[in-house]
Amino acid sequence: MTPGKMSRSEAAPDGDRPLRADARRNRARILEVAEAVFAERGTSVSTEEIARVAGVGIGTVFRHFPTKEALLEAVFTSHLRRLADEAEALAAADDPGRAFFAYFARVVESATKNAFAAALAAAGIDVSHTRGQVGVDLRRALEGLLTRAQRAAAVRDDIGAPEVLALLVGASRAVEQAGADLDVRARALGVILDGLRPRRS
């Protein structure tokens with residue numbers, strides 16, 4: 001990123017005026033802490049606890065995120081943006097197959113997005129609307145990784161992005177179900193990844 005240039009996750013939400021540097025740092029810190037705490041302890045953690053861990057006042061949190069749902073939505077969007085950026089960064093990888101499978105595993109292991117989405121849905125927020133442009137960017141970047149991996153004969157050529165997205169959701173659920181059993185998680189993911197590889201004659 002160019003020095004002094006804000007990332008899309010640092011800009012003020014909803015097209016408002018750009019935030020001051022200290023406000024951007026506070027917002028980024030709150031989002032970072034919130035994602036880590038929600039992932040570790042669940043989305044029921046209070047906004048006050050997020051503020052305490054982030055080392056800011058509750059008023060600072062509310063200035064950026066007036067409600068708990070607004071904070072969850074921002075964390076969810078920030079998480080998806082990071083995944084989209086990671087996919088874009090892998091677009092020129094020397095080994096397209098390895099890049100695709102590594103990215104697939106990375107997304108599955110970051111399955112906390114399911115908890116964010118579920119919490120937003122429970123609050124009556126349209127998750128598909130929340131994704132917005134970041135959802136478009138994520139799908140485009142994923143399609144690029146998939147196409148390159150298929151051209152390298154690393155991924156079967158009879159599937160497209162819709163199937164991969166469905167498998168990502170299913171694999172994330174499977175990993176969640178396995179809980180802390182890392183062996184079960186790895187084997188379940190391995191079965192899904194094997195199904196993405198070209199069929200042997």
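Of the residues Ala149, Ala154, only one is of a type in the set (Gly, Ala, Ser), open to solvent by less than 50 Å² (accessible area, probe 1.4 Å) and part of a helix (DSSP H, G or I); which? Before you say what the answer is, go through the steps one by one.
Working: Ala154 fails: part of a helix (DSSP H, G or I).
Only one candidate qualifies: Ala149.
Among residues belonging to the stretch 161-173 that are within 14 Å of Leu196 (Cβ to Cβ) and open to solvent by 20 Å² or more (accessible area, probe 1.4 Å), point out the one that is modelled with the highest pLDDT.
Initial filter on the stretch 161-173 (within 14 Å of Leu196 (Cβ to Cβ)): 161-168, 170-171.
Next, only the ones that are open to solvent by 20 Å² or more (accessible area, probe 1.4 Å) stay: 162-163, 165-167, 170.
Working: Pro162: 89, Glu163: 92, Leu165: 87, Ala166: 88, Leu167: 89, Gly170: 85.
Here the residue is Glu163.
Taking the residues in the stretch 111-146 that are among the acidic types (Asp, Glu) and at pLDDT 70 or above as candidates, determine which candidate is most open to solvent (accessible area, probe 1.4 Å).
Residue satisfying both the conditions and the ranking: Glu143.
With (1) more than 19 Å from Arg156 (Cα to Cα); (2) assigned to a helix (DSSP H, G or I); (3) open to solvent by 10 Å² or more (accessible area, probe 1.4 Å) as the list, and Ala84 as the residue in question, which single condition is left unmet?
Condition not satisfied by Ala84: (3).
Please determine, by comparing only the residues of the stretch 1-40 that are part of a helix (DSSP H, G or I) and among the acidic types (Asp, Glu), which one is modelled with the lowest pLDDT.
Restricting to residues being part of a helix (DSSP H, G or I) and among the acidic types (Asp, Glu), the top hit is Asp14.
So, in the stretch 25-76, of the ones that are open to solvent by 50 Å² or more (accessible area, probe 1.4 Å), of a type outside the set (Asp, Glu) and within 15 Å of the chain's Cα centre (by Cα), which residue ends up farthest from Glu176 (Cα to Cα)?
Ala36
The values are calculated or read from the model by the stated rules, or taken from the named source; none is laboratory data. Keep in mind that this is a model prediction, so the values were computed, not measured. Note that we place each Cβ from the backbone using ideal geometry, even for glycine, and neighbour counts take in every protein chain shown. Side chains are part of the model used for accessible areas, which takes the heavy atoms of the whole protein and leaves out ligands, DNA and RNA. Shrake-Rupley method; radii C 1.70, N 1.55, O 1.52, S 1.80 Å.
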